[in-house]
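The values are calculated or read from the model by the stated rules, or taken from the named source; none is laboratory data. None of these values were measured; they are calculated from a predicted model. As a convention, Cβ positions derive from the backbone with ideal geometry for all residues, glycine included, and neighbour counts pool all protein chains shown. Accessible surface is based on the protein model in full, side chains and every heavy atom, while ligands, DNA and RNA are left aside. Shrake-Rupley method; radii C 1.70, N 1.55, O 1.52, S 1.80 Å.
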Amino acid sequence: MRDNRLQPGRTTSRRRLLKASVLGAGAVALTATAQVATGAGAPAPRADSVRPLAFAHPGMLHRQSDFDRMADRVAAGTQPWLAGWNRLTANGHSAASWTPRPTATIIRGGDGQNYPQLYNDIHAAYQNALRWKVTGDTAHGDKARDILNAWSGTLTTVTGNADRFLASGIYGYQFANAAEIMRGYSGFDLGRFQRMMTDVFYPLCDNFLVNHNDACITNYWANWDLCNMAAIMAIGILNDDQAMFDRAVDYFHNGEGNGSLPHAVPFLHGDLAQWQESGRDQGHSLMGIGLMGSICEMAWNQGVDLYGTDDNRFLKACEYVARYNLGHDVPFTTYGWGTGQNCAYREHTVVSAAGRGQVRPVWERIYHHYWGRQGLNTPNVAEIARANSPEGGGGDYGTTSGGFDELGFGTLTYVLK
């Protein structure tokens, strides 16, 4: 049986192997305006980013004050919250008549895939939970509770090929967020749900961040790390587990994999910063922006500021991705990385136009943090957030898994003023 405990020496040796591979291939020289951050130079947690001793509940993507704001604005018919609410109620997943389809084994990747029934039910639980919190309609509260209870009483395994680690991360953090909203609801078996998250989802998340499926540390794109980081943070909050929460925060700053901030945002270009997957395609770049935004928002709601790390490095990446997907040019520094088990060298030399202009519900949360809370200038993020408003959620962006990578409905849930 594989030892899943943290193995610093192992990940360090992979990084050294990658470094030798990259240098041997003639890595690009860096200019004063395009600087790479290495693992050794990763920013340390800020002194003012110490989480309070007690977890706040609800305290993942939304706090009670957020639900109060949504309820007040929707009841008053105030825009843009009403437009966001109308997108939610028009989505079939939010119907109180939704019928869940729990199963003992979920497979993502390889033969027998059945994971769409999991992500569809997660989004139905989340959307019904939102409708209950905004209106107090117990038909939706009961439905969200029943979906969560059905799965926690049935699911025992998440498996498949390497894609099982995407399932553990994406559906792990989303499931935990739906459960956090329903915490304390009559009849919701929180204890059983917490055990499911700990026994079924967490081991895969832990395994991936430690071992990276036995591949070169840079083989997997930032999204793979980010979704499992998000799940560990969310499970930590749900279960009041300080060590889990701290582990996700530490990985954000110091992780060896591509999900840590210095590796997800490897090059600075003034007020812009290149995203790790920008040379791959724009759909996955948007996915990464959404996942890192989810991590930052969950941490923020527990009193930890990851958004502001390294002089708002994440904002600069958001500005970069937004600017390119709005149709403007962006600078690009050659990005090299190691693949497979032997860190075979590959590189991207240009930003990818694949999927350029794709719409995903990732921007409202970012815009209303950096501009709404912090008062910062966000020209590209502001433009793309307004262009894509009101944001929908799972079921509004296609039927395949990419349309369910974000819980969405940011216009309803994140607009502050």
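Annotations
- Check on Met292, closer than 24 Å to Thr400 by Cα and modelled with pLDDT of 95 or more: yes
- Pick from region 149-184, criterion more than 20 Å from Thr105 (Cβ to Cβ) and surrounded by fewer than 18 Cβ atoms within 10 Å (Cβ to Cβ), ranking: farthest from the chain's Cα centre (by Cα): Gly184
- Some residue of region 35-52 being assigned to a loop (DSSP other than H, G, I, E, B), of a type in the set (S, T, N, Q) and modelled with pLDDT of 50 or more: yes
- Tallying residues that are open to solvent by less than 30 Å² (accessible area, probe 1.4 Å) and part of a loop (DSSP other than H, G, I, E, B) within region 282-305 yields 4.
- Selection of helices (runs of 4 or more DSSP H) fully inside region 306-417 by the criterion of at least 1 residues being open to solvent by 40 Å² or more (accessible area, probe 1.4 Å), touching a residue at least 60 places away in the same chain (Cβ under 8 Å) and among the acidic types (Asp, Glu) returns 309-325, 379-387.
- Looking across region 93-131 at every residue that is part of a helix (DSSP H, G or I) and without any contact (Cβ under 8 Å) to a residue 40 or more places away in the chain, the one that is farthest from Ala176 (Cα to Cα) is identified as Gln117.
- Any chance Leu88 is crowded, with 23+ Cβ neighbours inside 10 Å and over 20 Å from Ala167 (Cβ atoms): yes
- Residues in region 237-249 that are open to solvent by 10 Å² or more (accessible area, probe 1.4 Å) and either assigned to a helix (DSSP H, G or I) or in contact with an Asp or Glu (Cβ under 8 Å, 6 or more places away or on another chain) (or both): Gln242, Ala243, Met244, Asp246, Arg247, Val249.
- Some residue of region 74-86 being modelled with pLDDT of 95 or more, within 21 Å of Ala125 (Cα to Cα) and outside any helix (DSSP H, G or I): no
- Only one of Phe208, Phe267, Phe252, Phe201 that is within 25 Å of Leu130 (Cβ to Cβ), among the aromatic types (Phe, Trp, Tyr) and open to solvent by less than 30 Å² (accessible area, probe 1.4 Å): Phe201
Condition check ((1) touching a His at 6+ places or on another chain (Cβ under 9 Å); (2) assigned to a helix (DSSP H, G or I); (3) free of Cβ contacts under 8 Å to residues at least 40 places away in the same chain) across all residues:
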residue	(1), (2), (3)
His212	no, yes, no
Asp225	yes, yes, yes
Ile235	no, yes, no
Asn258	no, no, no
